[in-house]
1. Please find, within the stretch 406-424, the residue that is nearest to the ligand (Cβ to nearest atom) out of those that are of a type in the set (A, V, I, L, M) and within 20 Å of the chain's Cα centre (by Cα).
2. What is the one condition in (1) surrounded by 19 or more Cβ atoms within 10 Å (Cβ to Cβ); (2) over 22 Å from TRP438 (Cβ atoms) that MET255 does not satisfy?
3. Condition first: more than 23 Å from VAL284 (Cα to Cα), touching a strand residue (DSSP E or B) at 6+ places or on another chain (Cβ under 8 Å) and not in a loop (DSSP other than H, G, I, E, B). Now tell me which residues in the stretch 183-206 satisfy that.
4. What residue, of ARG127, ARG78, is modelled with pLDDT of 95 or more, assigned to a loop (DSSP other than H, G, I, E, B) and either touching a Ser or Thr at 6+ places or on another chain (Cβ under 6 Å) or not hydrophobic (A, V, I, L, M, F, W, C) (or both)?
5. Based on what the data block shows, is PRO73 part of a loop (DSSP other than H, G, I, E, B) and either surrounded by fewer than 17 Cβ atoms within 10 Å (Cβ to Cβ) or modelled with pLDDT under 95 (or both)?
6. If you take the residues of the stretch 258-271 that are free of Cβ contacts under 8 Å to residues at least 24 places away in the same chain and in contact with a Pro (Cβ under 9 Å, 6 or more places away or on another chain), which of them is surrounded by the fewest Cβ atoms within 10 Å (Cβ to Cβ)?
7. Are any residues in the stretch 212-230 part of a loop (DSSP other than H, G, I, E, B) and touching a helix residue (DSSP H, G or I) at 6+ places or on another chain (Cβ under 8 Å), and if so, which ones?
8. Check the stretch 320-340 and report whether any residue there is surrounded by fewer than 24 Cβ atoms within 10 Å (Cβ to Cβ), among the hydroxyl-bearing types (Ser, Thr, Tyr), in the same structural domain as LEU230 (by TED's automatic domain parsing) and closer than 13 Å to ILE253 by Cβ.
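The values are calculated or read from the model by the stated rules, or taken from the named source; none is laboratory data. It should be emphasised that the depicted structure is a prediction, and the values quoted were computed from it without experimental measurement. With ideal geometry, Cβ positions are generated from the backbone for all residues, glycine too; neighbour counts draw on all protein chains shown.
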Amino acid sequence: MRIVAAALLALALPLTSAQVPTESPAIALGSVVPAPLEVRQHGAAFRITDRTVIEAPRSARNVADRLAEALRPATGYRLPVVGQAGSNKISLRTDGSPGYRLTVTKSAITIGARENAGLFAGVQTLRQLLPPAIDAATPQRAKWVVSGGEIVDRPRFEYRGAMLDLARHFHTPAEVKKYIDAISRFKINYLHLHLSDDQGWRIQIDSWPRLTAVGGAPGTGVDGAGGGFLTKADYRDLVRYAADRYVTIIPEIDMPGHVNAAQVAYPELTCDGVAPPPRTDTEVGYSSLCIGKDVTYRFVEDVIRELAALTPGPYLHIGGDEAHATTEADYIAFQQRVLPLVAKYGKTPYGWNEIDQAPAATGAVLQYWNLEPTFTPVHASKVVLSPANRAYLDMKYDPATRLGLSWAAYIEVDDAYGWDPLSYTPERNILGVEAPLWSETLRSIDDIEFMAFPRLAAIAEIGWSARKDWESFRTRIREYYPRWELQGVDFYRSPRIG
Ligand code: NGO
């Protein structure tokens with residue numbers, strides 16, 4: 001991040017949440033997470049008033065609506081969205097900018113981008129340039145001033161993901177939407193949903209209705225807590241809600257392991273045809289589909305076909321991790337049949353790094369979750385990095401963390417921030433990064449938020465920003481705290497951030 005001296009000075013003075021000012025000086029133009037690429041602060045500031053309008057072409061109406069929705073509650077202003085305006089406007093423009101370009105003068109704020117996703121990213125930047133009080137749900141007395149100057153910004157990696165495990169504990173569509181709101185503010189653009197596991201099955205599949213009738217029943221969460229599943233209508237609504245925030249949903253059905261819930265519902269999916277007992281403990285690696293049976297592939301194809309039909313995005317994740325109850329030969333034979341099925345229904349196959357053992361993984365995307373510091377794909381074409389000792393949001397922060405696991409590491413915020421995708425594998429292999437959140441210990445949205453934030457913001461900066469600097473991140477994310485407080489997002493107050 002290039003930034004002028006005055007802006008640097010302001011960056012060095014974080015506010016504590018107790019002192020959210022109503023009449024603060026404007027926030028330095030670069031004080032944004034993830035850090036923008038180029039920042040030039042100069043000229044007069046822009047002030048949003050009750051006369052400000054939002055100008056946008058029809059094609060960017062959705063982004064304009066998101067912007068208006070973000071600014072109206074705290075300002076109390078009308079902020080009408082119009083096709084054309086003179087001055088005192090926030091203007092969204094489709095231009096050639098590969099990421100987005102945000103320009104602030106006395107008379108207008110202009111966000112230009114080639115695509116609506118870029119405009120939306122620019123809107124997220126703008127929200128952080130307004131005083132934190134902008135995140136309040138009711139009208140606030142504040143000067144809605146944005147520093148003058150220009151930001152030119154674009155992502156380092158095209159894929160910046162988060163994952164939520166709905167299988168170990170089900171989380172409702174409303175909770176998933178709140179999570180989408182919170183992650184999209186950091187320019188996360190993929191949400192991977194882990195929809196099946198040994199404990200439960202969380203997505204309606206019409207051709208195999210017992211998957212959710214049995215696998216989504218009450219008591220199918222870890223320790224018998226909760227239960228539930230997404231109907232197809234719920235899922236479509238989530239896909240739409242996410243798309244309106246430029247987040248693409250990726251569904252995951254885990255196989256050939258992690259399938260106990262499916263086998264409880266359909267005993268023919270085991271080799272001996274006997275239903276196993278339901279399991280709500282957190283063991284892994286004990287279940288396997290029966291690799292030699294035809295019914296296995298009828299089941300898998302039906303599930304993939306129905307999921308692909310629900311999924312406008314390019315990727316369909318088939319899990320493939322920890323198949324310890326499947327022999328290596330069987331595992332490869334299974335993937336040789338199943339990976340092409342994903343392509344048959346028009347999707348790019350995506351799986352945990354184990355799928356790379358199968359030659360059919362050529363063209364697939366791998367999600368690297370292991371702990372070794374380097375990784376070279378043999379068959380797959382692209383890698384999403386989620387090293388468990390850095391990027392897993394379900395790892396405890398330290399031994400005292402009330403929630404989470406610790407098998408991979410304790411991950412403080414600076415550990416989540418302090419790694420580089422390029423040290424794992426050459427840049428040409430990398431599609432991006434993802435922060436998975438497994439939910440063995442997480443029941444409520446507060447639990448989810450407490451484990452995700454601030455670490456998700458650290459992973460988002462690794463995925464978006466070309467340059468990294470812990471001290472700068474620490475200051476910028478500290479300044480973000482009051483925004484989470486005002487939005488009712490629970491988060492971990494890390495001693496490393498202060
Ligand atoms: C592993 C395992 C999951 C666990 C998670 C907990 C992968 C890819 N498989 O990650 O089943 O929930 O750890 O941290």
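1. Looking at residues that are of a type in the set (A, V, I, L, M) and within 20 Å of the chain's Cα centre (by Cα), I get ILE411.
2. (2) is the only condition that MET255 fails.
3. Those that are more than 23 Å from VAL284 (Cα to Cα), touching a strand residue (DSSP E or B) at 6+ places or on another chain (Cβ under 8 Å) and not in a loop (DSSP other than H, G, I, E, B): ILE183, TYR190, LEU191.
4. Sole residue among the options that is modelled with pLDDT of 95 or more, assigned to a loop (DSSP other than H, G, I, E, B) and either touching a Ser or Thr at 6+ places or on another chain (Cβ under 6 Å) or not hydrophobic (A, V, I, L, M, F, W, C) (or both): ARG78.
5. Criteria not met by PRO73.
6. Only one residue tops the list, namely PRO267.
7. Selection gives THR220, PHE229.
8. Checked the stretch 320-340: no residue is surrounded by fewer than 24 Cβ atoms within 10 Å (Cβ to Cβ), among the hydroxyl-bearing types (Ser, Thr, Tyr), in the same structural domain as LEU230 (by TED's automatic domain parsing) and closer than 13 Å to ILE253 by Cβ.
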